[in-house]
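Asker: The structure that follows is given in the form of structure tokens.
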Amino acid sequence: MTDAPLLDVTDLRTTFDTESGELVAVDGIDFTVERGETVCLVGESGSGKTVTVESLTGLIDQPPGRITGSVRFKGKELTDLPPAELRTHRGASIAHVFQNPQDALNHCYTVGWQLIEAIRVHEDVTKAEARARAIDLLSTVGIPDPAGRIDEYPHQFSGGEKQRVMIAMALVTEPDLLVADEPTTALDVTIQAGILQLLDDLKAEYGMGVLFVTHDLATVSEIADRMVVLYAGEVMERGTVLDVFQRPAHPYTRRLLACLPGWGDGPAGEVETRGGIAGSLPDPTDLPDGCRFAARCSHAVSACSAGDQPPEIDLTDGHSVSCIHYEAGDDPSVLPATGDAETPVSDGSSAGDDPDSTRRGVIEDE
Ligand code: SF4
């Protein structure tokens with residue numbers, strides 16, 4: 001028995017060799033996932049969240065990618081494993097659910113055939129036993145009349161049902177960790193809640209940890225225990241969902257929350273005006289000095305653009321922030337309202353005060 005986290009990521013850095021030079025997608029981030037908890041990586045497109053999860057289990061080709069740092073899973077270092085052993089680990093203990101079930105299922109074969117094949121790759125069972133297990137899995141993920149529908153083709157399933165089938169595929173090995181990368185983004189809003197509830201139920205039933213990637217803070221509030229806010233490959237803020245939503249510290253987190261309909265009525269809403277986020281992420285092949293968010297930050301001071309990304313400061317009980325305005329133990333809800341006389345800093349390419357471009361800057365889908 002070990003007290004080590006289920007997943008322990010330390011100083012993970014993922015870069016790519018490109019014609020424009022080294023592209024830094026993930027720049028030395030840390031986080032953990034425990035059994036029975038859901039941790040959300042959240043940020044806008046290009047923040048590094050998908051590359052982060054793909055870096056964990058060898059889904060990034062090296063080269064052109066280069067991954068450094070430590071990824072410990074159940075106490076075992078994954079970055080040292082040869083590719084074949086890593087694939088075995090990934091298949092048996094870590095399962096992925098991707099954004100678009102349409103692309104993940106083979107439309108030439110029945111859903112049952114695909115599930116039975118997946119089961120027989122991992123288990124030494126007869127076809128009849130695998131078929132019985134496949135029906136059981138379809139039932140577990142809420143497919144009605146699973147015995148009757150197992151011989152149907154993917155096109156006979158709705159979008160939400162296809163995603164449930166993909167979740168059934170992920171459960172074949174009874175994984176310890178489920179990595180879900182925007183699993184509800186391609187679905188109608190009316191069926192997203194059902195999928196989120198299903199993942200939550202399965203987490204409890206299987207005792208899994210869940211690492212959930214999303215750009216949608218409403219989804220974070222529904223499913224996560226803890227959240228890690230990423231921006232340009234760096235962690236800007238982390239904490240329990242309750243604490244970060246009630247007392248967001250980082251200007252970026254505050255702007256993300258201000259994009260949420262209905263947010264702003266409570267105490268936390270007083271810290272930031274409603275609207276999108278003007279400007280865009282920095283060029284990952286030419287990252288700026290200092291805080292990566294400085295060009296878009298209305299609280300920036302000249303010191304923000306010098307040195308490295310500010311270190312993460314512990315505020316309270318696992319709530320931490322990367323911003324020069326905070327010191328250890330500070331109240332997350334107190335942040336200077338404006339920058340100094342030289343600010344706000346502008347990169348010249350951002351939308352500035354143009355209200356139209358501000359609206360365009362609202363966090364967008366991957
Ligand atoms: S105030 Fe400075 S350090 Fe803090 S988020 Fe803004 S630019 Fe970054």
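The values are calculated or read from the model by the stated rules, or taken from the named source; none is laboratory data. Treat the numbers as computed from the prediction; the structure is a model and nothing was measured. As a convention, Cβ positions derive from the backbone with ideal geometry for all residues, glycine included, and neighbour counts pool all protein chains shown.
Asker: Return the residues of region 1-37 that are within 15 Å of the chain's Cα centre (by Cα) and β-branched (V, I, T); say none if nothing qualifies.
Answerer: The answer is V9, V26, I29, T32, V33.
Asker: For P63, work out the one condition from (1) surrounded by 16 or more Cβ atoms within 10 Å (Cβ to Cβ); (2) over 28 Å from R255 (Cβ atoms) it doesn't fulfil.
Answerer: Unmet for P63, out of (1) surrounded by 16 or more Cβ atoms within 10 Å (Cβ to Cβ); (2) over 28 Å from R255 (Cβ atoms): (1).
Asker: Show the residue pairs meeting these rules: Cβ distance below 7 Å; 6+ apart or different chains; first residue within region 283-312 and under 18 Å from S45 (Cα atoms); second residue within 11 Å of the ligand (Cβ to nearest atom) and β-branched (V, I, T).
Answerer: As it stands, the answer is A294/V345; A295/V345, since those pairs meet every condition given.
Asker: Take the residues in region 93-112 that are over 21 Å from the mean Cα position of the chain (by Cα) and of a type in the set (A, V, I, L, M), then tell me which one is surrounded by the most Cβ atoms within 10 Å (Cβ to Cβ). Explain how you work it out, then say what you get.
Answerer: So in region 93-112, the residues over 21 Å from the mean Cα position of the chain (by Cα) come out as 105-112.
Going one step further and asking which of them are of a type in the set (A, V, I, L, M), we end up with 105, 111.
On the way: L105: 20, V111: 26.
Among them, the one singled out is V111.
Asker: Just checking, does region 183-202 include any residue being at pLDDT 90 or above, at positive phi and not β-branched (V, I, T)?
Answerer: no
Asker: Ok, one more. Residues of region 38-47 being buried (at least 21 other Cβ atoms within 10 Å of the Cβ), over 9 Å from the mean Cα position of the chain (by Cα) and over 22 Å from K74 (Cα atoms), which ones?
Answerer: E44, S47
Asker: Would you be able to say whether some residue in region 212-234 is in contact (Cβ under 8 Å) with a residue 12 or more places away in the chain and closer than 15 Å to A95 by Cβ?
Answerer: First pass over region 212-234, keeping only residues in contact (Cβ under 8 Å) with a residue 12 or more places away in the chain: 212-234.
Now drop any that are not closer than 15 Å to A95 by Cβ, which leaves 212-213.
So far as region 212-234 goes, yes, one or more of its residues are in contact (Cβ under 8 Å) with a residue 12 or more places away in the chain and closer than 15 Å to A95 by Cβ.
Asker: Would you check if there is a residue in region 337-357 being near the ligand (Cβ under 10 Å from one of its atoms), surrounded by 15 or more Cβ atoms within 10 Å (Cβ to Cβ), modelled with pLDDT of 55 or more and in a loop (DSSP other than H, G, I, E, B)?
Answerer: The answer is no, given that none of the residues of region 337-357 is near the ligand (Cβ under 10 Å from one of its atoms), surrounded by 15 or more Cβ atoms within 10 Å (Cβ to Cβ), modelled with pLDDT of 55 or more and in a loop (DSSP other than H, G, I, E, B).
Asker: Can you name the condition, by its number, that L115 falls short on among (1) closer than 28 Å to V39 by Cα; (2) modelled with pLDDT of 95 or more; (3) surrounded by fewer than 18 Cβ atoms within 10 Å (Cβ to Cβ)?
Answerer: (3)
Asker: Assuming T52 fulfils every condition listed in (1) surrounded by 14 or more Cβ atoms within 10 Å (Cβ to Cβ); (2) among the hydroxyl-bearing types (S, T, Y); (3) assigned to a strand (DSSP E or B) apart from one, which condition is it?
Answerer: Among (1) surrounded by 14 or more Cβ atoms within 10 Å (Cβ to Cβ); (2) among the hydroxyl-bearing types (S, T, Y); (3) assigned to a strand (DSSP E or B), the lone unmet condition for T52 is (3).
Asker: What are the residues in region 241-276 that are at pLDDT below 75, outside any loop (DSSP other than H, G, I, E, B) and within 15 Å of the ligand (Cβ to nearest atom), if any?
Answerer: V271
Rundown of residues vs (1) within 10 Å of the ligand (Cβ to nearest atom); (2) at positive phi; (3) of a type in the set (F, W, Y), yes/no style:
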{"site": "P282", "(1), (2), (3)": "no, no, no"}
{"site": "L287", "(1), (2), (3)": "no, no, no"}
{"site": "F293", "(1), (2), (3)": "yes, no, yes"}
{"site": "C297", "(1), (2), (3)": "yes, no, no"}
{"site": "S305", "(1), (2), (3)": "yes, no, no"}
{"site": "D308", "(1), (2), (3)": "no, no, no"}
{"site": "D317", "(1), (2), (3)": "no, yes, no"}
{"site": "E327", "(1), (2), (3)": "no, no, no"}
{"site": "D330", "(1), (2), (3)": "no, no, no"}
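Asker: May I pose another question? Please work out which one of (1) among the β-branched types (V, I, T); (2) touching a residue at least 40 places away in the same chain (Cβ under 8 Å); (3) within 26 Å of V42 (Cβ to Cβ) is the condition V172 fails and give its number.
Answerer: Of the numbered conditions (1) among the β-branched types (V, I, T); (2) touching a residue at least 40 places away in the same chain (Cβ under 8 Å); (3) within 26 Å of V42 (Cβ to Cβ), the odd one out for V172 is (3).
Asker: Can you give me the number of residues within region 173-192 that are hydrophobic (A, V, I, L, M, F, W, C) and crowded, with 23+ Cβ neighbours inside 10 Å?
Answerer: Residues meeting the conditions: 3.
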